[in-house]
Every structure is written in C-alpha cells, then in structure tokens.
Amino acid sequence: MKIKNLKNLEGLKAKGLESLYPKRMKINVGLGTCGIATGAQAVFDSIVEEIEKQGIDAVVGKTGCLGFCQREPLVDVWQPGKSRIIYCQMDPEKARDLVTGLAQGKMRKEWALCRLEEEEFIIENTKKKYSIKEKDGKDIPLYGEIPFYKKQKKIALRNCGFMNPENIEEYIARGGYFTLARVLSSLKEEGVIEEIKNSGLRGRGGAGFPTGLKWKFCRDAPGDTKYIICNADEGDPGAYMDRSILEGDPHSVLEGMVIGAYAIGSHEGYIYVRNEYPLAAQSVERAIRQAEEYGLLGDNILNSGFNFRIRISQGAGAFVCGEETALLASIEGKIGEPRPRPPFPAERGLWDKPTNINNVKTWANVPAIIARGADWYSKMGTPKSKGTMVFSLVGKINNTGLVEVPMGIKLREMIYDIGEGIPQGKKLKAVQTGGPSGGCIPSELADLEVDYEKLTQAGSMMGSGGMVVMDEDTCMVNVAKYFLNFTKDESCGKCTPCREGIKRMLEILDDISKGKAKEADLELLETLAKVVKDASLCALGGTAPNPVLTTLRYFRNEYEAHIKDKKCPAHICPDLIRYSINKEKCTGCGLCLKECPQTAISGEKKKPHSIDKSKCIKCGVCFEVCKFDAVEID
Amino acid sequence: MLNLIIDGKEVSVEKGTTVLHAARKLGIEIPTLCYHEGVSPYGACRVCVVEVVKGMKPGLTASCACLAEQGMEVRTNSPSVVDSRRLIIELILARSPEVKKVRELAQEMGIEKARFRKEDKECILCGLCVRVCQEIIGASVIGFINRGANREVETPFQAQSDVCIGCGACSSVCPTEAIKIKEMFDKRILETWHTELELKSCKICGRYFAPKKELEHLKEKIELPEEIFEICEDCKRKNLTRKIGEIKTGII
C-alpha cells in the first residue's frame, strides 16, 4: 500500500499505537548488538517459549538499545493500567520466573531498573501518559529519575529502545514520517535548509561542520545529478552510537535523508555501513524495503512528485573509509583511499557529482529539528554547539552505555552523575574523547563543558561520540601506544607522514615503554607528532597524533618517569616493573605458586615464598590472586 | 586568469594550474618525488609541501595536488614548511637509505643521517608506476596492496600478470630504480611483478627485440604499417639509412 495523504499516515499511526500499547501484556526485549552480546536472544526465546507453554495472553516484542548497556539484557514490560517496568540483567531462568510471576499478577521489584509513567514524543511535542490504576510498583524509581537517565535528553535516540525497529508503523505512531509529509507538502527547499542552518546543527561525525551550510553548498553546486550519503562507517574503538541508531531506529535516518535530499535536490542516496555491523545493515535494508512499500521512498514519495532512492553500500573493513573522500572511492568500487581536498565533495563527490555526506546521528536529528523548529533545537547547548550529542560512555565507569546529553554538560556530570563514578572507588585519571583521533583530557579538567570548541581547545575533539574513561591504574604511555597501534594498522599508507610517521612514533613509544628511550627521543616524538598532524593528506593522519600530543601535554611527567627513572608509575609496562613477595606479609598459602604459569614461584608451605625473576614473565597472576597483598610491584 | 601570491611575489596563472606550477612560473623550485607531468597528481609523498596562508583550506598542503585559487597566498619556505619537508625526507631516508635520489634530496636539505631505525626498502610508494600503467599504458597491471606500514605495490595476488605487456614504463618512471627488468634470450623478465613475457624475433636479423604482447598492444593503439611491428630498432634504422642512400643515389 502506498501512502498518498495524511489520512493514510494517520491510519497507520493508529495501527502503530495499537502495536506499541496493546490491550494485553507486552514484553519487549532489547535486541541490539549490545543486548545480544549479553545473552538477550536467549532471554527473548525463553520468554516466547514460556508464554506459549503457559498459554499466557501476551505479546513479545523486540526493541533496540535503551542505552543502559551495563545492565543488559533489558526486558520492558507493558501492561494496560499498570506501571511499565524495565527489568535488567535478565537471563533465561529469571525471564521464565518473571513471565510466570507476571501471569499471576506479580512483579519482581528486585530485578527492576526503573518504571515509566509516561513517554516523551519528541516529534509531536507531547507526553504520552499511561493510565495507571494500580498503586503497586510506585516504590520503583522512575525512568527519568535514576542517575543514568536523569540528565539525558534523547533526540537522536528518541525512539531507540521504545519501539520495534522492524515495525514501520510503530515509528509512524511515534510521529515518524509526519515531518516528511509536512516538508513535501508545504515547505520550500530553501526553507528546509534555512531551518537546519538556524538550528545550529553541526556534523555529528566528528569535524562539526555546520550542516545547513554543507547542504547549501551542495544545493548551489552546478549539476542535475546529486548524491546524499549517510556515513555509518563508525570505527572508533569503544564507539557504537551509529550502530545503535541504525539497529534501533533506522527510519529516523531514512526520514532525515529524504528531507535532506528534497532540500538539496538529490534523487539518489547511499548508506555506507561498515561490514562489521551486519545487524545494522540488515535493519536498514528492512527499513528501506518497508519505506518503499509505503511510498515513503522511491518514486513519487507521498504523492508529492519527489523521487528518492537509497541504496546500501557495505565497507570492507577499513577505518579510513570513514574519511569522506575515501568513503566515496570505496562506494565507487575503488581502493578506499582519501584524495586531497579541495575539490570538496559538495562540488565534486561521488562519480564527480555534487555530494552531501552526513553522519548517522546528524541525519537522525533532522526530522526532530524540522518538526520542532530551529528555535527549540538551538535553545539547547552552548553558543556554538547546539542541541545534544550522543556518546558511548565506556571504559572504567560504573554505568557503561549509550547516552545523549545536551551540549555543554560537564565531563564531571557525565562521569559521576550519569556514569555513577569509577568502579572500586578508584580515582579518575583521564577521559578520552574522539577515539583514535581524539585526545586524553586529564581529571583536572573534569569541569570542562563538552562542546566542539572546548574539547578542541583541550587538545582533543568531539569526534563521533566515543568517550573512554580511564582510572588511576592507566599508563598514559601505554594508552598513546594503543591508539597509535590502531592508526598504524588503519592508515591507508598513501602519504608519507601518516604511513611512516605513525610507525616511527610507535617505535619511539615502544622504546619509552621498555625503558630504552633517551630524553632526545621525547623531543623527536613531539616534533614528529606535529609534522604528522600538519602535513598528512587526510584527517586520519591529521588527527592520529592527538593521543600522543595530549598525553605529552598533560602527562609529561609520566613519560619522563619511563625515560629517566625507568619506571612505569601506573605499573603497567611489563619491562619496567618487577614483582616481588613481601616476606612479612606472605603466609605461604601457596596460591600464587599454584597459579604461576612459569613455575617462577617457589617456597615451602606456610613459609614465605619468593619469585625467580629470571623466569617471571610479569603476567601479574600472583598479584591478582594473593589474598594478603604480599605480592608487590616495584 | 587567477592571481595569487607565492612567497610575496604575484603571479597569474590559468584556472586549473597547480600551486607547484605557479611557483615554477616564478622560478621557485619545490622538490617533488611522486609528481610527474605525464600522470595525474597524487599528493602522497608530501615532499612538495607548502603553506597556504590565505585560501579555501589554509594550512600545509601538497603543492602538486593543490589548485591555485584567486587571491590565494602561499609560502614555500616558511618555518613550518621547511621543518615538515625536512622531517618527511628524513622519514623517507630511514625507509630507503640506499636510494640515490632520496640521498640526494636529504643531502640538499642538510640531513646526514635519519634518526629512525634504518630499513632497506627500495620502493618509496610514490605510486608513479601504478599511475603510468593505468593512465598512460591502460593496462592496470599493478596496484597497492595492504594498508599502512605494510603497503606495497604488487600485481593481483602477487602472481604472474596476464595483462602486463612488458613495456617497462613502470621501471623507467620509477625514481628509485626499484623495478627490476631483465632480458634472457627470448624472454623479458619483470622480476618485481613475477611476470615473464615472450619476445618477438626480428624478421630481418632474427634478434629478440620486444615483448609480443607489447607489439600487439601498440598495433591496436597506433595505426602504422604492419612491418613496423615486425622488425627491431636496429634494422629499422638500417632500412632507413638504406632508403635515404637510395634516394640520394637517385637524385645524383
């Protein structure tokens, strides 16, 4: 069925609302990659099985990532007239118990993460209040009040976890495609661009170029054939924002792209998704098919006369293809290598035609901005960075997950409020933003407000949204080494500074971590980092030295300790540490002796043991297992 | 025409001119390694780095691949250009310390020894061979394999090439003499590309003179009498001398 008018769309909305809020129990399981990785599929299967077995009157649904990855698998239970409860850290056995209980009208408060009394519908600017008749469950904290969600503002993630990504009607029920309908029927192309410009939206892929301006360049570029591209080649270690959106809410990206295509005057688009994201690719493929069936993509969209098609292009596993000119080469079937800019893609892009490339998050924001207006969006954030940003908060943090926060939030709030601090009460050492292109911000700058400018001033960058928290046990030389190892492998190898420079920087870092470096090497490392940053062909080389430059800027003493004192202050670099057993503390329990893989530990039972340094490989097992803190690191 | 300023001097050039050429017009020499007039610019070696002070994208850039813009201001000898170029050459010197061209460049920049661990690679990955083979010869025999530090120029699957015509353009354009070609009796052996090609013998003297595939390729591309592709250069010259002799005798 093709949707031809608002009445058709309203009809589907009603269907979608029935599916979202049925008249019987509905159990949703978060089946994003993060959920599946923690066993959500088995939870889902066991719920389906149990419901069938017991003949319970309930439906089971799938949703995307609700953000709180630390507590996955998440199970969300909707019952008419009752509190909607999200249960966390489920396993198949608990899930069966839960279902059995629910069938008898019992809830399992001890497994509950939070409950919902209402939902915010961003597009419609309404709050959907549930009619709750039952009092039971009021003691479970509300969704908007638990620390993880309290400071979040979900716009790009507005639907993630709250609907079934496989069901286009549920997307429509939450206001989806109504914005597109309005754009096509009553907005001029320039008007759309103006709105995006005024909203202050900037590219969410990393560089932060104003989106409206980018669209205008492409619209104004001469030529009839123009392309729209969604960059979903997310590759930063620890970052999974784009994946979660494509898995959990693919239609928001499609709708954003159609709106962009209309504004720019394009009739063909691509979603470039990395090969390592099979679920995201499947999700988008399904969404495209559904949208085409309903006439929301393809020819004569919503009976407006506007045509736009989207194809999927899957990468072959190269990080550098996130760089736009390399991405274009890859879609064209060439080696994924960047080329010099200018000419910029807006002028000469895919197959030499004007092309506009935006990140997944940028596209997902578009329908919301057009629906609610530039004023609404630009009221959030800081003077130059408007709206919200999606981060994947990972590393040494209690609450790992996908978070969306207003720009300008302090790092401290991200870590201590949303993230609820560092595990085991350890001290914060640094926060790494922007992935391998970003830098490490020290704990002294925890009050830094997160926006494009402030992060760049601190030597890091916004990047695509990766945020890795590091605690006091982290060696910053080792961190720099880790990221450079990554960029060394991911550099395409085309230009000298990036290919040769990163390799040499890594050699120096390796020497430092082994205590073999001289003071002059530190100077050479710094000079080299600056040249690689300034003289490389593309942004990969241009930003690859950032982890080195920021750690040198904020943690120089740590480098010096490795070089001058031949010590690794964090006790991480194996060549610079020695394990020994404190004879006073050792009880001779023999646990370390048993666990040592090198048989380097000897000693009689109940008498102090000792380590044979020549045999020790510094794996640290003895240190980990000793219950008496007798193993010491020097 | 576009007007720009390079090192304080004004120059006007046609649209589409690179900064490298605009500088050369002013007599400013910028060293290059991966640049060749016959093929498209690549911007990979970064030896020709210059600083765009005013323009669409300010900062350091490769002058061979950067087009001149109206009102652009460029510096070819600012401290950051000089420092970067020196270090880039030092990096190449560490990779290929035995390569004559690299040593010469390093010497010109006053670099005696690279501060990095020595390697002994002959190829500096300038990609000239790849571009010549693709753009001029139209054979696309070779390309880049692997990423980052492991990048190499190779034939597909590092195996004998079916499409190589053995012309040797790759070898003649290579600035570091890294591509080895030798001839043995009736074969031309392109060691670097794991490829052997049969040679054709001259119709007159019988000497093996050019790969059969190359002659076939040329026959398709250039319209010339069949005979041209059958005899060696020496015999062609002898033929010509004889013909001139005959003409002269005729005139006398």
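The values are calculated or read from the model by the stated rules, or taken from the named source; none is laboratory data. From a predicted model like this one, the values you see are computed outputs, not experimental measurements. Backbone-built Cβ (ideal geometry, glycine too); neighbour counts: all protein chains shown. In case anyone asks, the SASA skips ligands and DNA or RNA and just uses the protein heavy atoms, side chains included. Shrake-Rupley method; radii C 1.70, N 1.55, O 1.52, S 1.80 Å.
Ranked from highest to lowest mean number of other Cβ atoms within 10 Å per residue, what is the order of the peptides A:59-71, A:298-310?
With the highest mean Cβ count within 10 Å placed first, the list reads A:59-71, A:298-310.
Give the accessible area for A:Tyr272 in Å² (nearest 10); use a 1.4 Å probe, count only protein heavy atoms, and leave out ligands, DNA and RNA.
Near enough 0 Å² of accessible area.
Roughly how crowded by other chains is peptide B:143-155, in terms of the mean Cβ count from those chains within 10 Å of each of its Cβ atoms?
Per residue, the average neighbour count from other chains is 5.
Grab the alpha carbons of region A:392-538, take their convex hull, and tell me the volume per residue in Å³.
Spelled out: Cα convex hull of region A:392-538, divided by residues, is 118 Å³.
Starting from the Kirkwood Rh over alpha-carbon pairs, what translational D in µm² s⁻¹ does region A:498-628 have by Stokes-Einstein at 37 °C and 0.692 mPa s?
Calculated translational D: 192 µm²/s.
List the accessible area buried at the contact between B and A, summed over both sides and calculated with a 1.4 Å probe, in Å² to the nearest 100.
Using a 1.4 Å probe, the pair buries roughly 2800 Å².
Per residue of A:285-293, what is the mean number of Cβ atoms on other protein chains within 10 angstrom of that residue's Cβ?
0
Looking at region A:388-471 only, what percent of DSSP beta bridges run antiparallel? Nearest 5 please.
Of the beta bridges lying entirely in region A:388-471, close to 80 percent run antiparallel.
Averaging the inverse of every distinct alpha carbon separation and then flipping it gives the Kirkwood radius. What is it for region A:101-249, in angstrom units?
Evaluated on region A:101-249, it is 19.1 Å.
DSSP beta bridges in region A:20-141, what fraction antiparallel, as a percent rounded to 5?
So the antiparallel bridges in region A:20-141 amount to around 70 percent.
From the backbone phi of region A:248-265, what are the Karplus-calculated ³J(HN,Hα) couplings (6.51 cos²θ - 1.76 cosθ + 1.60, θ = phi - 60°) in whole Hz, Gly and Pro given as x?
Going residue by residue, I get x, 7, x, 5, 5, 6, 4, 4, x, 5, 5, 4, x, 4, 4, 5, 8, x Hz, with x marking Gly and Pro.
In whole Å, what three semi-axes, largest first, describe the equivalent ellipsoid of region B:173-252 built from its Cα gyration tensor (square root of 5 times each eigenvalue)?
Taking √(5λ) for each Cα gyration eigenvalue gives 31, 14, 13 Å.
Among DSSP bridges having both ends in chain A, what percentage is antiparallel? Round to the nearest 5.
Counting DSSP beta bridges with both partners in chain A, the antiparallel share is about 60 percent.
In region A:177-376, with Lys and Arg counted as +1 and Asp and Glu as -1 at Cβ, which of these residues, A:Ala346, A:Ile310, A:Val360, has the Cα nearest the positive end of the dipole, that is, farthest along it?
The residue sitting most towards the positive pole is A:Ala346.
Can you list the aspartates and glutamates whose alpha carbon is less than 14 Å from that of A:Lys23, not counting same-chain residues fewer than 8 positions off?
The qualifying aspartates and glutamates are A:Asp57.
Just how large is the dipole of region A:578-633 about the Cα centre, in debye to the nearest 20, putting +1 at every Lys and Arg Cβ and -1 at every Asp and Glu Cβ?
For region A:578-633, the charge dipole is close to 140 debye.
For region A:302-343, would you read off the P(r) tail past 17 Å as a percentage of all alpha carbon pairs?
That tail contains 43 percent of the Cα-Cα pairs.
For region A:374-391 and region A:543-560, write down the distance between their C-alpha centroids in whole Å.
One Cα centre to the other: 31 Å.
Assuming R0 = 51 Å, can you tell me the calculated FRET efficiency for the pair A:Glu332 and A:Leu142, based on Cβ-Cβ distance, to the nearest 0.05?
For A:Glu332 and A:Leu142, the calculated efficiency is 0.50.
For the protein assembly as shown, what are the per-bin percents of Cα-Cα distances with bins 10 Å wide, up to the bin holding the maximum?
Binned Cα distances yield the sequence 2, 11, 17, 20, 19, 14, 9, 5, 2, 1, 0, 0, 0.
Using Stokes-Einstein with the Kirkwood hydrodynamic radius over Cα pairs, what translational diffusion coefficient do you get for chain B at 10 °C and a viscosity of 1.306 mPa s, in µm²/s rounded to a whole number?
Translational diffusion coefficient: 75 µm²/s.
Can you list the equivalent-ellipsoid semi-axes of region A:218-340, largest first and in whole Å, using the square root of 5 times each Cα gyration tensor eigenvalue?
Ellipsoid semi-axes (Å, largest first): 24, 19, 11.
Given region A:476-565, what count of lysine pairs have C-alpha atoms under 22 Å apart, with each pair 8 or more places apart or on different chains?
For region A:476-565, the number of qualifying lysine pairs is 25.
According to the square roots a ≥ b ≥ c of the eigenvalues of the Cα gyration tensor, what is the shape class of region A:244-316, taking rounded for a/c under 1.5, prolate for a/b larger than b/c otherwise, and oblate for the remainder?
Because a/c hits 1.5 or more and a/b exceeds b/c, region A:244-316 counts as prolate.
Rounded if a/c is under 1.5, else prolate if a/b is larger than b/c, else oblate: which is region A:16-146, with a ≥ b ≥ c the root eigenvalues of its Cα gyration tensor?
Cα axes put region A:16-146 in the rounded bin.
Would you mind giving the average projected area, over all directions, of the Cα convex hull of region B:49-183 in nm² with one decimal?
The number I arrive at for region B:49-183 is 10.4 nm².
Counting Lys and Arg as +1 and Asp and Glu as -1, what is the net charge of the other residues whose Cβ lies under 11 Å from the Cβ of A:Asp57?
So the surrounding residues net to +3.
Dipole magnitude of region A:409-472 about its Cα centre, charges +1 at Lys/Arg Cβ and -1 at Asp/Glu Cβ only, in debye to the nearest 20?
180 debye
Just to confirm a number: summing +1 for Lys and Arg and -1 for Asp and Glu over residues other than A:Arg289 whose beta-carbon lies under 13 angstrom from that of A:Arg289, what do you get?
Computed value for this residue: -1.
Counting only helical runs of four or more DSSP H residues, what would the 222 nm mean residue ellipticity of chain B come to if each run contributes -39,500 (n - 2.57) and the total is spread over all its residues?
Counting only the DSSP helices, I get -8500 deg cm²/dmol.
Rg and Dmax in Å for region A:547-600, alpha carbons only: what are they?
Expressed in Å, the Cα Rg and Dmax of region A:547-600 come to 16.4, 46.
Check cross-link reach from A:Lys2 to the lysines: straight Cα distance under 22 Å, and skip same-chain residues fewer than eight apart.
A:Lys13, A:Lys15
Please label the shape of region A:464-563 as rounded, prolate or oblate, based on the square roots a ≥ b ≥ c of the eigenvalues of the alpha-carbon gyration tensor (a/c under 1.5 means rounded; beyond that, a/b larger than b/c means prolate, else oblate).
Note, shape of region A:464-563 comes out oblate.
Choose one answer from B:Pro31, B:Pro225, B:Pro79: the residue with the largest mean-square fluctuation in a GNM of chain B with alpha-carbon springs under 10 Å.
Highest fluctuation of the listed residues: B:Pro225.
Please give the average number of partner chain Cβ atoms lying within 10 Å of the Cβ of each residue in B:91-98, rounded to a whole number.
3
Scattering from the C-alpha atoms of region A:470-521 alone, worked out with Debye: what is log10 I(q)/I(0) at q = 0.19, 0.20, 0.22, 0.30 1/Å?
Taken in order of the listed q values, log10 I(q)/I(0) reads -0.67, -0.72, -0.82, -1.10.
Using the Kirkwood radius built from alpha carbon pairs, what does the Stokes-Einstein equation give as D for region B:2-108 at 4 °C and 1.567 mPa s, in µm² per second?
Result for D is 92 µm²/s.
Sort all Cα-Cα distances of region A:388-471 into consecutive 10 angstrom bins from zero, then give the percent of pairs in each bin up to the one containing the longest distance.
20, 61, 18, 0
Please compute P(r) over all alpha-carbon pairs of region A:578-633, binned at 5 Å starting from zero, and give each bin as a whole-number percent.
It works out to 4, 24, 40, 25, 7, in whole percents.
Check the straight Cα-Cα distances from A:Lys585 and name the lysines below 28 Å, setting aside those fewer than 8 residues away within the same chain.
A:Lys426, A:Lys427, A:Lys566, A:Lys567, A:Lys594, A:Lys605, A:Lys606, A:Lys607, A:Lys613, A:Lys615, A:Lys618, A:Lys627
Determine the sum of side-chain charges near A:Ser330: Lys and Arg each +1, Asp and Glu each -1, restricted to other residues whose C-beta is under 15 angstrom from that of A:Ser330.
The answer is -2.
Could you tell me the center-to-center distance, by alpha carbons, between region B:50-101 and region A:105-148 in angstrom?
60 Å
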